[in-house]
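The values are calculated or read from the model by the stated rules, or taken from the named source; none is laboratory data. Owing to the predicted nature of the structure, the values given are computational and were not obtained by experimental measurement. Cβ: placed from backbone, ideal geometry, glycine included. Neighbour counts: every protein chain shown.
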Amino acid sequence: MSKDSIGRLIVVDDEVETMRPVCEFLSHCGYVVSAFTSGKDALEEMSERIPDLLLTDLIMPEMDGITLLRSALEIDPNLIGIIVTGQGTVQTAVEAMKVGAFDYILKPLELKLLRQIVSRAMNVRRLLETESKYRSIFENAVGGIYQTSPEGRCITANRAFALILGYSCPGELITKLEDMGRLYAKPGRRAEFIHLMQRDGIVTGFESQVYRKDGSTIWVSENAVSVHNTGGELIYYEGIVEEITMRKKAEEELKTSREQLRNLTAYLQSAREKERMYVAREIHDELGQSLTALKMDLFWMHKKLSGDQKALIEKTKSMLKLINSAANTVRRISGELRPGLLDDLGLTAAIEWQMGQFQRRTGIQCELVFEPEEIIIDQDISTALYRIFQEALTNIARHSHATTVKIFLEMKSHEIALNIKDNGRGITQENIGSTKSFGLIGIRERVRLLQGEVEISGIRDKGTVVCVTIPLSGRKTPV
Ligand SMILES: Nc1ncnc2c1ncn2[C@@H]1O[C@H](COP(=O)(O)OP(=O)(O)OP(=O)(O)O)[C@@H](O)[C@H]1O
Ligand SMILES: [Mg+2]
């Protein structure tokens, strides 16, 4: 319908005398009127530009009103046709109604009545246009749209919904699918849907596996609402369905690959830990003991030397010094690889020792608070906490510019907590979340494997805190 006028009309009558006053009157009412004395000309105009309404005489020499209306309705099924007819041809006018005429008017035309009928016809035209617009949206929607009765019978479905479920058209789906509840692969899924509907009146992102017509299954996501009548009674559910099989598959693959990656990390960590333990023991026991033996032999030789063998005495002295320094290096390396303290004296002693080393090396003041005095826990937890502590200290030395570090280690009945707090420049949010922060990722992974929690936070120029909590009981085997 044209925006500027209240409607566009085509008037067809072979008698110009009858037509002229009608056209003038309708123009005066605000309609845009085009007049034709032949049906053919009118049709030509209509195929160029569709009017809102066709007002045509019934009996005309070249093309009668019914033929004209039938052809016009082929061009636009929503066109409103009104047939004007003489008294004697009422029967034919009734036939016209069957073709699809909106109404008929008897001659001679009474203008007031004509105005009423045209105005009513225009309202219907507007309704039809709106309806056809929404129908087109419904029918051409990419998502599946449905309405079902509370009992699960499908009342309405669009083409997309039928195709998603493997039916050729909505009609087939509506007749064949008697109960929507049977769509769901998981028993009780429909009941869950109804429960949510009764509770909230709406469901969003309701993901389910459903059967297609051929028995195969797909994943869909539904958004639906319940629709009630004015009396508050539930009349139907209305929903939009989207197929998400590919997304589900991708999610599943991602989950599996994450799990594999996590298992691999866990495996690598434990392999690395075992390797370190082995190397530390070998260095400590083999190399360390050889050096001790060498030192004792050399000492024995040194004692055997007489006072006038000055050069040899000096040589053995410097050799002893060298052996001492080599023994210290061996102890340091094996200690760093796997502090014997961790196994022999426990976590607190190992942390104290590591903290002392760190303090000496960096000059950063450290303070350790622990509770209780003796902490006895599983080896996997103490190893994880010790490695986390080492990583946190290394980070402090490398990135923080801190001058003090406070370490807090507390064991309660059900969990153990380790907090490391520095007063440096403060870690940024970007660093915390970065996929390249492998040190931090390693901390998180270790904690995750033990079903614990970790929180890393920083305040600019105030410092960084790493808080780790590990549960001591009720741990499940990680998947
Ligand atoms: N205590 C801290 N104070 C300030 N910034 C920190 C602190 N700890 C970590 N960061 C920042 O977070 C980043 C990520 O730390 P992460 O330990 O993951 O990596 P890294 O230490 O740079 O390398 P590596 O993989 O060898 O550990 C660091 O590069 C640093 O910018
Ligand atoms: Mg690091």
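Between a first residue in the range 449-463 that is free of Cβ contacts under 8 Å to residues at least 60 places away in the same chain and a second residue that is outside any loop (DSSP other than H, G, I, E, B) and more than 16 Å from ligand 1 (Cβ to nearest atom), which pairs have beta carbons less than 7 Å apart while being 6 or more apart in sequence or on different chains?
Close Cβ pairs satisfying both conditions: Q451/P471; G452/T469; G452/I470; G452/P471; E453/T469.
Among N395, N431, N423, which is the only one that is over 25 Å from R272 (Cα atoms), within 37 Å of the chain's Cα centre (by Cα) and within 13 Å of ligand 1 (Cβ to nearest atom)?
Testing whether each residue is over 25 Å from R272 (Cα atoms), within 37 Å of the chain's Cα centre (by Cα) and within 13 Å of ligand 1 (Cβ to nearest atom) leaves just N431.
Among the residues of the range 27-45, count how many are within 20 Å of P108 (Cα to Cα), among the small types (G, A, S) and surrounded by 17 or more Cβ atoms within 10 Å (Cβ to Cβ).
The number of residues fulfilling the criteria is 1.
Quickly run through the range 355-403 and pick out the residues that are among the polar types (S, T, N, Q) and touching a Gly at 6+ places or on another chain (Cβ under 9 Å).
Just the residues of the range 355-403 that are among the polar types (S, T, N, Q), to begin with: 357, 359, 362, 365, 379, 382-383, 390, 394-395, 400, 403.
If the condition is that a residue be among the polar types (S, T, N, Q) and touching a Gly at 6+ places or on another chain (Cβ under 9 Å), then Q357, S382, T394, N395, S400, T403 are the ones that fit.
Within the set of pairs 6 or more residues apart or between chains, which connect a residue that is within 14 Å of I427 (Cβ to Cβ) inside the range 398-409 to a residue that is assigned to a loop (DSSP other than H, G, I, E, B) and basic (K, R) with Cβ atoms less than 9 Å apart?
Pairs that qualify, where the first residue is within 14 Å of I427 (Cβ to Cβ) and the partner is assigned to a loop (DSSP other than H, G, I, E, B) and basic (K, R), are H399/R425; S400/R425; H401/R425; A402/R425.
Assess whether S221 counts as being within 14 Å of I240 (Cα to Cα) and of a type in the set (S, T, N, Q). Full working, then the answer.
Numbers: within 14 Å of I240 (Cα to Cα): yes; of a type in the set (S, T, N, Q): yes.
Criteria met by S221.
Of (1) closer than 29 Å to C154 by Cβ; (2) touching a residue at least 40 places away in the same chain (Cβ under 8 Å); (3) among the hydroxyl-bearing types (S, T, Y), T204 satisfies all except one. Which?
(2)
Filter the range 370-409 for residues that are away from ligand 2 (no atom under 16 Å from the Cβ), assigned to a strand (DSSP E or B) and at pLDDT 95 or above; which is surrounded by the fewest Cβ atoms within 10 Å (Cβ to Cβ)?
In this case the residue turns out to be T404.
Considering each residue of the range 426-452, count those that are surrounded by 14 or more Cβ atoms within 10 Å (Cβ to Cβ), within 12 Å of ligand 2 (Cβ to nearest atom) and charged (D, E, K, R), and give that number.
0
Matching residues to (1) exposed (fewer than 15 other Cβ atoms within 10 Å of the Cβ); (2) farther than 26 Å from R8 by Cβ; (3) of a type in the set (D, E, K, R); (4) touching a Lys or Arg at 6+ places or on another chain (Cβ under 8 Å):
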{"site": "I117", "(1), (2), (3), (4)": "no, no, no, no"}
{"site": "R120", "(1), (2), (3), (4)": "yes, no, yes, no"}
{"site": "N123", "(1), (2), (3), (4)": "yes, no, no, no"}
{"site": "E129", "(1), (2), (3), (4)": "yes, no, yes, no"}
{"site": "Q147", "(1), (2), (3), (4)": "no, yes, no, no"}
{"site": "G152", "(1), (2), (3), (4)": "no, yes, no, yes"}
{"site": "N158", "(1), (2), (3), (4)": "no, yes, no, no"}
{"site": "A162", "(1), (2), (3), (4)": "no, yes, no, no"}
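Step by step: first the residues of the range 171-221, then only those that are part of a strand (DSSP E or B) and of a type in the set (F, W, Y), then the one that is nearest to the chain's Cα centre (by Cα). Which residue is that? Let's see the steps before the verdict.
The initial filter retains those residues of the range 171-221 that are part of a strand (DSSP E or B), namely 184, 202-211, 217-221.
With of a type in the set (F, W, Y) added as a condition, the list becomes 184, 206, 211, 219.
Numbers: Y184: 22, F206: 13, Y211: 23, W219: 15 Å.
Filtering first and then ranking leaves F206.
Of the residues V466, V454, only one is part of a strand (DSSP E or B) and either near ligand 1 (Cβ under 9 Å from one of its atoms) or out of contact with any Lys or Arg (no Cβ under 9 Å at 6 or more places or on another chain) (or both); which?
On the way: V454 fails: either near ligand 1 (Cβ under 9 Å from one of its atoms) or out of contact with any Lys or Arg (no Cβ under 9 Å at 6 or more places or on another chain) (or both).
None of the other options fit; the residue is V466.
Based on what the data block shows, is R360 surrounded by fewer than 17 Cβ atoms within 10 Å (Cβ to Cβ), within 16 Å of ligand 2 (Cβ to nearest atom) and among the charged types (D, E, K, R)?
It is false that R360 is surrounded by fewer than 17 Cβ atoms within 10 Å (Cβ to Cβ), within 16 Å of ligand 2 (Cβ to nearest atom) and among the charged types (D, E, K, R).
Here is a list: E24, E62, E15, E48. Which entry is within 60 Å of the chain's Cα centre (by Cα) and either surrounded by fewer than 14 Cβ atoms within 10 Å (Cβ to Cβ) or of a type outside the set (D, E, K, R) (or both)? Lay out the reasoning, then the answer.
Details: E24 fails: within 60 Å of the chain's Cα centre (by Cα); E62 fails: within 60 Å of the chain's Cα centre (by Cα); E15 fails: within 60 Å of the chain's Cα centre (by Cα).
None of the other options fit; the residue is E48.
So which pairs qualify, if the first residue must be in the range 315-338 and farther than 21 Å from W300 by Cα, the second must be assigned to a helix (DSSP H, G or I) and among the charged types (D, E, K, R), the Cβ gap must be under 8 Å, and the two must be at least 6 apart or on different chains?
S334/R281; L337/R276; R338/E273; R338/R276; R338/R281
Among the residues of the range 132-155, is any touching a residue at least 60 places away in the same chain (Cβ under 8 Å), part of a helix (DSSP H, G or I), assigned by TED's automatic domain parsing to the domain that holds F25 and under 26 Å from L79 (Cα atoms)?
The answer is no, given that none of the residues of the range 132-155 is touching a residue at least 60 places away in the same chain (Cβ under 8 Å), part of a helix (DSSP H, G or I), assigned by TED's automatic domain parsing to the domain that holds F25 and under 26 Å from L79 (Cα atoms).
Can you list residue pairs whose Cβ atoms sit under 7 Å apart, with the first residue in the range 172-193 being exposed (fewer than 12 other Cβ atoms within 10 Å of the Cβ) and the second being of a type outside the set (S, T, Y)? Count only pairs 6 or more apart in sequence or on different chains.
Listed by first residue and then by second, the contacts come to K186/Q209.
Picking from K295, K248, K317, K255, which residue would you name as being in contact with a strand residue (DSSP E or B) (Cβ under 7 Å, 6 or more places away or on another chain) and at pLDDT 90 or above?
Details: K295 fails: in contact with a strand residue (DSSP E or B) (Cβ under 7 Å, 6 or more places away or on another chain); K317 fails: in contact with a strand residue (DSSP E or B) (Cβ under 7 Å, 6 or more places away or on another chain); K255 fails: in contact with a strand residue (DSSP E or B) (Cβ under 7 Å, 6 or more places away or on another chain).
It is K248.
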